[in-house]
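First up is the structure itself, then whatever we jot down about it.
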Amino acid sequence: MTDTLSISLAPSQSEKFRTRVLPFLIMAAVLVAIPLTGPSRTTYSLLNAIGINMVFALSYNMLLGRAGLLSFGHAVYFGLGGYAAMHAMQAIEAGTGLWSMFPVFALPLVGFAGGALAGAVIGWPSCRRAGIPFAMISLGIAELVAAAGFMFTSLFGGEEGVSGDRMNGPEVFGLSLGPINEVYWFIAAWTLIGTIAMFAFTRTPLGKMGEAVRDNPERVEFVGYDPQRVRYLIFIFAGGFAGLAGGMAAVNYEIFTPETLSVIPSGFVLLMAYVGGIRYFAGPMLGAVLLTYMQSNLSDFTEAWLLYLGLLFMMIVMFAPSGLAGILVSVLHGVQSSDRGEILGRWARYAAGALLAFVGIVITIEVAVRESSGFGEVFEPFGFALAPDNPVTWLLALGLVGLGGWIMRSSGSDKEEASS
């Protein structure tokens, strides 16, 4: 008689709690604690924009990170969901029919329905292709819908857009949604709901099958599943959650214009997802925080903030394709490693080299921008005047870039030697 040993490959209950429940409890605690710090109106506005972009970026990553679908038109579903919520807001304000009993607090659900419906219609022909053809189709659809936004004024409002008043209808949780601090609670609640819902979607069979289609569609088809149908269903859900973010934006800004349907916000959500890390669920959230902050505040310090944004994307693609989340995971694994001293030392040298190269690039860009403007302004970081007609300025910039690049290269060589 032979004894059989049964081994459970499933995670333990404590591991499930640590990886699936605890992060959301921490997120909820942070969202509740933020108002206790007494943020200003400007901070509230920034936090609201970050919450909207978090949901938007996570919805995009359902396509790119989970299903391997590169889309250049994801803002279409964000915009159409926002427009659906805006028209519903106008109906609530008019008090017509059942809309008189519909709370503004629930408008993101209208946005979800609008985005999902758009995804169902547009995704039916789009998801028949994958890879580059799908990307080109998404770009063409984005241009078509954006052009339609300026043509059909009864639906999209033309250049002026569609506006509404959020302070109507029944109140939920005693929130009139007038003061910006009450809008924060609305954004925080739906950010948490949307994040939990999208994480739960990744645990479903459809979410898991999307990852399989991303990695090996031929094998998925071999075991009896239709990759095209899997992509289509994920496309619908991704459009729905993008519309959810659009509904949040409709309540927050109380106006929607055709610019929200264009390629520009579609490119921005791509940057947020990739910079944050498309292979990690929390990656797009990190990217949304960083890029929204850069978009809101970096323009106050430099005219070249868009150039820095492009350089950041290039650096992530070239040196850290796993994004910010991948960097954090690598640091965590390095700290837990047995030879953490050697690893952290090498990373410290690499970070120092990157910092020196970054300072040199900043000097080059800022001096060049001030010179090209023709106003005679001199770049003076920390009180040091760096005039464009002074050779020392360019020698300093190039020297820092060269030194930083050499340190980074030598640190990378050490890493290769250690691994071999």
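The values are calculated or read from the model by the stated rules, or taken from the named source; none is laboratory data. Given the structure is predicted, the values throughout are model-derived calculations rather than measurements. Every residue, glycine among them, receives a Cβ derived from its backbone with ideal geometry; neighbour counts consider all protein chains shown. Quick note on the areas: whole protein, heavy atoms, side chains included, nothing else; ligands and nucleic acids left out. Shrake-Rupley method; radii C 1.70, N 1.55, O 1.52, S 1.80 Å.
Tabulated data
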quantity: Scan of segment 361-388 for residues that are of a type in the set (A, V, I, L, M, F, W, C), in a helix (DSSP H, G or I) and modelled with pLDDT of 80 or more, ordered by number; calculated: Ile361, Val362, Ile363, Ile365, Val367, Ala368, Val369
quantity: Candidates Asp339, Asp300 - the one that is exposed (fewer than 13 other Cβ atoms within 10 Å of the Cβ), within 23 Å of Pro381 (Cα to Cα) and of a type in the set (D, E, K, R); calculated: Asp300
quantity: Candidates Leu356, Leu396, Leu400 - the one that is open to solvent by 60 Å² or more (accessible area, probe 1.4 Å) and more than 28 Å from Met285 (Cβ to Cβ); calculated: Leu396
quantity: Residue in segment 81-100 that is of a type outside the set (Gly, Ala, Ser) and closer than 15 Å to Gly239 by Cα present; calculated: yes
quantity: Close pairs from segment 368-397: first touching a residue at least 40 places away in the same chain (Cβ under 8 Å) and under 19 Å from Trp305 (Cβ atoms), partner open to solvent by 40 Å² or more (accessible area, probe 1.4 Å) and part of a loop (DSSP other than H, G, I, E, B), Cβ under 8 Å, at least 6 apart; calculated: Val369/Glu303; Ser373/Glu303
quantity: Qualifying residue in segment 324-343 (condition: touching a residue at least 60 places away in the same chain (Cβ under 8 Å) and not aliphatic (A, V, I, L, M)); calculated: yes
quantity: Residues of segment 110-130 satisfying the condition of being more than 22 Å from His87 (Cβ to Cβ) and open to solvent by 30 Å² or more (accessible area, probe 1.4 Å); calculated: Trp124, Pro125, Arg128, Arg129, Ala130
quantity: Segment 272-297, residues that are under 24 Å from Glu377 (Cα atoms) and within 12 Å of the chain's Cα centre (by Cα); calculated: none
quantity: Checking Leu64 against (1) part of a helix (DSSP H, G or I); (2) crowded, with 24+ Cβ neighbours inside 10 Å; (3) within 14 Å of the chain's Cα centre (by Cα), the condition it does not meet; calculated: (2)
quantity: From Leu311, Leu291, residue being over 30 Å from Pro205 (Cα atoms), in a helix (DSSP H, G or I) and at pLDDT below 90; calculated: Leu311
quantity: Qualifying residue in segment 246-257 (condition: part of a helix (DSSP H, G or I), open to solvent by 30 Å² or more (accessible area, probe 1.4 Å) and touching a Phe, Trp or Tyr at 6+ places or on another chain (Cβ under 6 Å)); calculated: no
quantity: Enumeration of residues in segment 151-207 that are open to solvent by 20 Å² or more (accessible area, probe 1.4 Å), more than 18 Å from the chain's Cα centre (by Cα), on the phi < 0 side of the Ramachandran plot and among the aromatic types (Phe, Trp, Tyr); calculated: Phe152, Trp185
quantity: Residue, farthest from Val32 (Cα to Cα), within segment 42-58, restricted to residues that are among the β-branched types (Val, Ile, Thr) and surrounded by fewer than 24 Cβ atoms within 10 Å (Cβ to Cβ); calculated: Thr42
quantity: Filtered residue count, segment 356-393, keeping only those that are of a type in the set (D, E, K, R) and under 13 Å from Thr302 (Cα atoms); calculated: 4
quantity: Residue list for segment 348-370, restricted to those being of a type in the set (D, E, K, R) and touching a strand residue (DSSP E or B) at 6+ places or on another chain (Cβ under 9 Å); calculated: Glu366, Arg370
quantity: Identity of the residue in segment 208-234, open to solvent by 80 Å² or more (accessible area, probe 1.4 Å) and not in a helix (DSSP H, G or I), that ends up farthest from Glu171 (Cα to Cα); calculated: Val223
